[in-house]
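Heads up: the structure comes next, in structure tokens.
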Amino acid sequence: MENRKLKEIDLYEPINKYFKRKGYEVYGEVKDCDVAVMKDDLLIIVELKLNLSVDLLIQATKRQRLSEHVYIAIPKPKKHNPRSKKWRDTCHLLRRLELGLILVSCTEKRKRVEVVIEPTPFHRPISMGKAKYLRQAIIKEINGRSADYNIGGSSRKQIMTAYRENCVQIACYLEEHGELSPKALLQMGTGKKTQSILSKNYYGWYVRVRRGIYTISEKGRQEIKEYPKLVAYYRK
């Protein structure tokens, strides 16, 4: 049985059997809920859909008014890759929404249910703690920029990073003052990465004249013209 031939009702049987094996009572279509599962006073709600969509997430979060235990159940994707960035991001979103996720594999011979995510409370402080280094990197990048030279949402334009700006700054000073040493540039405020930037010469903007002395290359003279606002800022 291929996913394209599936209907939502095809997901009900394996979901029904899965919960009944665990000692639950299972009921279909109860007050607009696709599946209602009961054991003692515990109510579980499962929403069945063929695809994971925003509408499904909205529907499932509305069900959280009725129960803390809400699952969404969808057919297992044909090319399911649990390590892909898209899938990991999807699971992160579901965890943040405190929704459970059930994947149903349907073939001609068998139907299998796999609970991927349980509907448990999301601990934001723990999540933020794990991403602490990313937060620090963002703040460090912002602090390394003199102003906002990028347009949010740009995808094809070259992004002005703190590193690139530092390279432009050094190139501007070399063009304006001629041959300079890393020490002299540091005294002009080019920062602690000055020596590394000159040595690596990532953009090919600098020329080593002699030991410890650098000047701007012709390539550098031409390419920094692409950043007129930034050049004007450092030539004030």
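The values are calculated or read from the model by the stated rules, or taken from the named source; none is laboratory data. As the structure is a prediction and not an experimental result, all values here were calculated from the model. Neighbour counts are summed over all protein chains in view; Cβ atoms, including those assigned to glycine, are modelled from backbone coordinates with ideal geometry.
Numerical summary
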{"quantity": "From the options K193, K130, K225, residue that is under 30 Å from L94 (Cα atoms) and charged (D, E, K, R)", "calculated": "K130"}
{"quantity": "Filtered residues of the range 199-215 (kept if closer than 16 Å to N166 by Cα and either touching a residue at least 24 places away in the same chain (Cβ under 8 Å) or surrounded by 15 or more Cβ atoms within 10 Å (Cβ to Cβ) (or both))", "calculated": "N201, Y202, Y203, W205, Y206, Y214, T215"}
{"quantity": "The range 182-210, residues that are closer than 18 Å to Y234 by Cα and among the small types (G, A, S)", "calculated": "A184, G189, G191"}
{"quantity": "Residue that is surrounded by the fewest Cβ atoms within 10 Å (Cβ to Cβ), among those in the range 167-198 that are in a helix (DSSP H, G or I), in contact (Cβ under 8 Å) with a residue 24 or more places away in the chain and of a type in the set (S, T, Y)", "calculated": "Y173"}
{"quantity": "Residue check for R83: at pLDDT below 95 and within 18 Å of I117 (Cα to Cα)", "calculated": "yes"}
{"quantity": "Residue within the range 22-39 that is closer than 17 Å to S105 by Cβ and without any contact (Cβ under 8 Å) to a residue 60 or more places away in the chain present", "calculated": "no"}
{"quantity": "Within the range 5-34, considering residues that are out of contact with any strand residue (DSSP E or B) (no Cβ under 9 Å at 6 or more places or on another chain) and closer than 20 Å to S67 by Cα, the one surrounded by the fewest Cβ atoms within 10 Å (Cβ to Cβ)", "calculated": "K31"}
